[in-house]
1. Considering only GLY124, SER163, GLY327, whose Cα is most displaced toward the positive end of the charge dipole of the chain, charges sitting on Cβ of Lys, Arg (+1) and Asp, Glu (-1)?
2. Given the rule -39500 (n - 2.57) for each run of at least 4 DSSP H residues, summed and divided by the residues of the chain, what is its mean residue ellipticity at 222 nm, to the nearest 500 deg cm²/dmol?
3. So, in nm, how far is label ASP63 from label SER365 when the simple model puts each one 7 Å beyond its Cα toward the Cβ?
4. Determine the equivalent ellipsoid of the range 74-219 by diagonalising the alpha-carbon gyration tensor, then write out the semi-axes as square roots of 5 times the eigenvalues, largest first, rounded to whole Å.
5. In the range 29-281, carbon and sulfur make up what percent of the accessible area (probe 1.4 Å)?
6. If I model a spin label at GLU381 and ASP93 as a point 7 Å from the Cα along the Cα→Cβ vector, what separation in nanometres do I get?
7. Tell me, what is the percent relative contact order of the chain, built from C-alpha pairs under 8 Å that lie six or more residues apart?
8. Using a 1.4 Å probe, what is the accessible area per residue for the range 29-281, in Å²?
Amino acid sequence: MEELAAVGTPLPLVNQPAPDPDVPAHHQPPQRRPTRALRVGDVPVGGGAPISVQSMTTTPTHDVNATLQQIAALQAAGVDIVRVAVPRQEDADSLAAIAAKSPVPVVADIHFQWKYAMAAIEAGMAGVRINPGNIRKHEKVKVIGDAAKERGIPIRIGVNGGSLEQDVLDRHGGVTPEALVESALAEARLLEEVDFFDTKISVKHSDPWVMIQTYRLLADACDYPLHLGVTEAGPAGTGSIKSAVGIGALLAEGIGDTVRVSLSADPVEEVKAAITMLESLHLRERGLDVVACPSCARAEVDVYSLADEVQKGLEGLDVPLRVAVMGCVVNGPGEAREADIGVAAGKGKGKIIRRGEVLYTVQESDIVETLVHFANEMADEIRAERGEGDPSVVA
């Protein structure tokens, strides 16, 4: 596949930092694909920057207060960048107020009306997402690129099967990875023709396997930052799994600079799923990690309820802490000793184990309260070590 031809002086290609010599090799995160670097507001994207988590509001964008409230909820969940839909003029008219008051960078999502993209740029949005295939008129895409370059605003090119040009579909026999990548590269060149390089690209698909193949091709064909996602993934349960398969596989190969888990659910759930994905691949510092026995007949306590209650009791914990809830004699003691704090339970009792040392043996009815107490105590100790305040044990 033909590579992108640079026609100006783009931002430099930057590599991620060298592996940390103090971290064991099996705990090192995947080596990232080198890309150009850009910024969405104050969030660096590409060039070795941390992978950013995105989501999208579900409120009518012209309802400024509701939209800002949802953005605040997404920020509390850990989002880095938020996108808002702009399908109507009244939405475009509301962008300046949202940009001025949002606590995180906001990207305007534009599909058909190029004038809405121009309005977003004038409103001071942190970025613009366009689908050139839907805008259709190449000269208008270039006008958007010129305006964005003048204001220092990045553009995300979003390509999907529904926006592919008919000649591309005919050439490839339908929506294929090759067709999606060809379209994305052609649209990136439109911006290059006006010397615009602050571009990131997405080529989403609802089939995770097709999505993986498409992004692999694109990663080989260009050096732009890539935004990953399985589009129209579905409800939270199945959608999270499909997203983990598609996004996770690519992240493990070092491909991807921003992610969105697209769910038919509260967007806060998208953020939680994305953060868990990044933590699992050592691409973001791990926060609370509750590990628990799977279902099997060896369990001698109600592991399901214990794990759920511990998770709820520690919800919102903001430090890296691994908590194990184990319910049998096969894996329980070993797993609990590997965790920061854990319980190895059986026959109605549980041994509370802190970093390999047995502290107490308690009745099953006291396991949750005891485990949550010591987990919060350890969290306070970690905060104090980081200089984040004096310990204050939460019972």
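The values are calculated or read from the model by the stated rules, or taken from the named source; none is laboratory data. If you're wondering where the values come from, they're calculated on a predicted model, not measured in any experiment. A quick note on method: Cβ atoms are made from the backbone with ideal geometry, for glycine too, and the neighbour counts reach across all protein chains shown. In case anyone asks, the SASA skips ligands and DNA or RNA and just uses the protein heavy atoms, side chains included. Shrake-Rupley method; radii C 1.70, N 1.55, O 1.52, S 1.80 Å.
1. Working it through, the farthest residue towards the positive pole turns out to be SER163.
2. -12000 deg cm²/dmol
3. 4.7 nm
4. On the way: eigenvalues 138, 64, 36 Å².
Computed over the range 74-219, the values are 26, 18, 13 Å.
5. 52 percent
6. The modelled label-to-label distance comes out at 5.9 nm.
7. Working: 819 pairs, mean separation 48.9, N = 395.
For the chain, the relative contact order is 12 percent.
8. Values: 9120 Å² over 253 residues.
In whole numbers, the range 29-281 has 36 Å² accessible per residue.
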